[in-house]
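The values are calculated or read from the model by the stated rules, or taken from the named source; none is laboratory data. Owing to the predicted nature of the structure, the values given are computational and were not obtained by experimental measurement. Here the Cβ is made from the backbone with ideal geometry for all residues, glycine too, and neighbour counts use every protein chain on show.
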């Protein structure tokens with residue numbers, strides 16, 4: 001009834017909207033990426049292009065579209081994330097709480113950009129890199145993504161084994177069981193069912209909040225005369241960098257872009273997708289802050305202060321400090337985060353493989369319909385689970401390797417992201433605004449320096465590393481980055497006008513293979529040269545380290 | 001159920017949903033001009049990636065990529081001839097499909113008894129606001 005009245009009142013607008021072409025994306029690789037949005041909490045027709053004057057209908061659309069941003073950002077609080085927040089809280093109290101809030105801002109900026117790329121282009125992140133930066137960079141980005149993803153999934157299984165080990169379950173039962181659950185989740189080929197399962201995990205992640213409440217009233221303890229451990233400043237720098245490294249990971253970029261494409265979100269729904277990403281960022285912050293603060297409060301006056309070992313010892317110590325429930329809740333949070341993380345990270349790899357090889361890759365397709373998509377997903381899960389089950393597997397090396405490799409990959413992924421978001425052929429009127437470029441370029445430059453430091457300090461744990469040098473490097477990188485961001489925008493002369501073009505909501509990228517080759521600009525060249533130099537240094541560091549290890553043995 | 005699609009109202013479908021899905025997948029592979037151009041080239045006989053690249057003056061990477069998509073949708077198959085890898089149309093059905101498609105866009109098709117596509121299009125065009 002309401003709909004009919006709107007049509008009468010806004011007759012002219014509605015008629016016009018109905019006849020505007022829908023924002024159909026022309027570079028899709030899979031027919032399943034086209035059609036109605038079938039979200040966990042609602043449905044939006046692909047023919048729905050009219051305005052939404054009623055708040056009720058806007059909220060209904062938001063509920064249907066919400067998903068990719070919420071899932072990717074809550075999945076960021078995975079095994080690695082939770083252990084790192086717990087470690088920071090236990091060892092440093094509330095000293096680095098501010099850093100989590102800064103990281104939330106960084107995540108929001110990055111994830112908004114990939115969401116926009118997905119909705120406007122309909123192509124996955126890996127394919128955009130292949131098409132716009134050539135085969136070598138594409139193969140490099142894909143190879144690095146797959147390697148790091150694999151190692152991250154191994155850490156998720158370690159998290160699962162530790163969490164269920166707290167409840168006395170053997171890892172030979174818990175890990176295969178978790179692998180089966182993970183493989184079964186997308187198997188049916190129902191996007192809605194998969195998203196509902198993910199939402200269940202997202203909802204369970206809120207156990208971190210009661211954990212915080214429990215930790216706030218720890219059972220009083222007799223004072224322990226243990227001498228305070230003095231943490232060396234270089235380990236603090238390492239800690240900060242590791243926190244950033246686990247929070248901002250490249251798989252998130254690939255995951256959200258492909259998931260937006262797969263969920264059939266078009267440019268017409270970009271505002272809703274932004275709301276999705278903002279909601280996800282808030283949930284991420286809530287979960288991460290709750291874990292960090294809970295551990296900070298529980299261990300504030302305890303002998304364990306400054307003595308982090310690993311996530312399972314945190315659970316045991318929480319039980320001693322804040323009661324049985326606190327230990328159990330932490331273990332549940334760890335288990336839940338590990339499963340959610342493993343699901344999302346594996347999927348980002350399978351999406352990327354399908355994206356590059358042109359095979360069907362969609363959660364709308366069943367096992368029978370897209371065997372390579374589900375097959376690659378299952379293979380990655382099984383292989384990662386098997387590694388955790390090998391007796392005496394060097395799992396410590398895996399964890400270190402994740403951080404070092406993530407350090408190498410992350411800045412390169414962000415450089416590509418920033419350049420793609422300023423590519424007029426790709427995003428048309430949707431290219432980055434000037435202010436966004438300044439923020440994003442500053443973030444990329446700072447992360448480039450920090451990841452470089454992370455790589456160096458992972459490889460050379462005894463290297464000289466102090467606050468002053470770090471601060472000077474970070475600030476100068478930030479200033480250079482901001483200038484670079486301004487320069488990026490000045491090349492998009494039409495940018496301010498383009499933001500209000502009448503056809504903007506329905507602008508989509510032409511078929512990707514028909515695009516003109518990217519314009520050769522100095523900014524682009526500078527970015528790629530800096531990236532090459534950075535990668536060369538990182539590789540050099542790795543080689544020196546390996547040579548050193550061989551020489552020592 | 002705000003907007004029911006016209007297809008459901010008009011006549012009982014003779015295809016099962018699963019078959020319709022598969023057919024739509026095949027047609028999806030034909031929904032990009034560059035892939036149609038490649039198929040058009042293969043209509044004249046098997047070609048290597050290099051041949052296709054030079055005939056169509058497309059980038060080699062995009063030719064390879066589109067060929068992978070066409071293979072995934074069983075429109076094209078790869079063969080080895082000596083040391084070279086050539087691509088050919090998957091079977092004679094694909095040849096027929098493409099030939100029929102070409103005749104259709106050239107307007108040489110014979111009208112069938114229930115041909116009602118044109119009047120519907122005409123109505124929609126008339127309903128568009130002027131300008």
Result of the Cβ filter at 6 Å on segment B:1-30, keeping first residues that are over 19 Å from residue B:70 (Cα atoms) and partners that are modelled with pLDDT of 50 or more and outside any helix (DSSP H, G or I), at least 6 apart or interchain, is B:3/A:47
Whichever residue in segment A:253-284 is more than 26 Å from residue A:354 (Cβ to Cβ) and under 13 Å from the mean Cα position of the chain (by Cα) and, among such residues, is surrounded by the most Cβ atoms within 10 Å (Cβ to Cβ):
A:284
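Select, from B:79, B:44, the only residue that is surrounded by fewer than 16 Cβ atoms within 10 Å (Cβ to Cβ) and assigned to a strand (DSSP E or B). First the steps, then the outcome.
On the way: B:44 fails: assigned to a strand (DSSP E or B).
After ruling out the rest, the residue left standing is B:79.
Does residue B:33 meet the test of being modelled with pLDDT under 90 and away from chain A (no Cβ under 14 Å)?
On the way: modelled with pLDDT under 90: yes; away from chain A (no Cβ under 14 Å): no.
So residue B:33 does not fit the description; no.
Condition check: modelled with pLDDT of 85 or more, within 14 Å of chain A (Cβ to nearest Cβ) and in a helix (DSSP H, G or I). Does residue B:54 satisfy that? Step through it out loud before you land on a result.
On the way: modelled with pLDDT of 85 or more: yes; within 14 Å of chain A (Cβ to nearest Cβ): no; in a helix (DSSP H, G or I): yes.
Taking the combined requirement at face value, the residue does not satisfy it.
Could you please let me know if residue B:59 is more than 18 Å from residue B:22 (Cα to Cα) and either in contact with a helix residue (DSSP H, G or I) (Cβ under 6 Å, 6 or more places away or on another chain) or within 14 Å of chain A (Cβ to nearest Cβ) (or both)? Can you show your working first?
Numbers: more than 18 Å from residue B:22 (Cα to Cα): yes; either in contact with a helix residue (DSSP H, G or I) (Cβ under 6 Å, 6 or more places away or on another chain) or within 14 Å of chain A (Cβ to nearest Cβ) (or both): yes.
The answer is yes for residue B:59.
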Checked A:80, A:69 against criteria (closer than 17 Å to residue A:253 by Cα and in contact (Cβ under 8 Å) with a residue 12 or more places away in the chain); the one match is A:69
For the subset of segment A:31-46 comprising residues that are without any contact (Cβ under 8 Å) to a residue 24 or more places away in the chain and over 19 Å from residue A:370 (Cβ atoms), which member is nearest to the other protein chains (Cβ to nearest Cβ)?
A:45
Quick check, is residue A:442 at pLDDT below 75, part of a helix (DSSP H, G or I) and in contact with a helix residue (DSSP H, G or I) (Cβ under 7 Å, 6 or more places away or on another chain)?
no
If residue B:74 satisfies every condition in (1) part of a helix (DSSP H, G or I); (2) more than 9 Å from every other protein chain (Cβ to nearest Cβ); (3) within 15 Å of the chain's Cα centre (by Cα) but one, which is the exception?
(1)
What tally of residues in segment A:358-379 results from selecting those that are assigned to a loop (DSSP other than H, G, I, E, B), touching a helix residue (DSSP H, G or I) at 6+ places or on another chain (Cβ under 7 Å) and within 14 Å of chain B (Cβ to nearest Cβ)?
7
Scanning segment B:68-85 residue by residue, the ones that are farther than 15 Å from residue B:45 by Cα and modelled with pLDDT of 90 or more total 7
Got at least one residue in segment A:497-515 being away from chain B (no Cβ under 14 Å), modelled with pLDDT of 80 or more and over 30 Å from residue B:66 (Cβ atoms)?
no
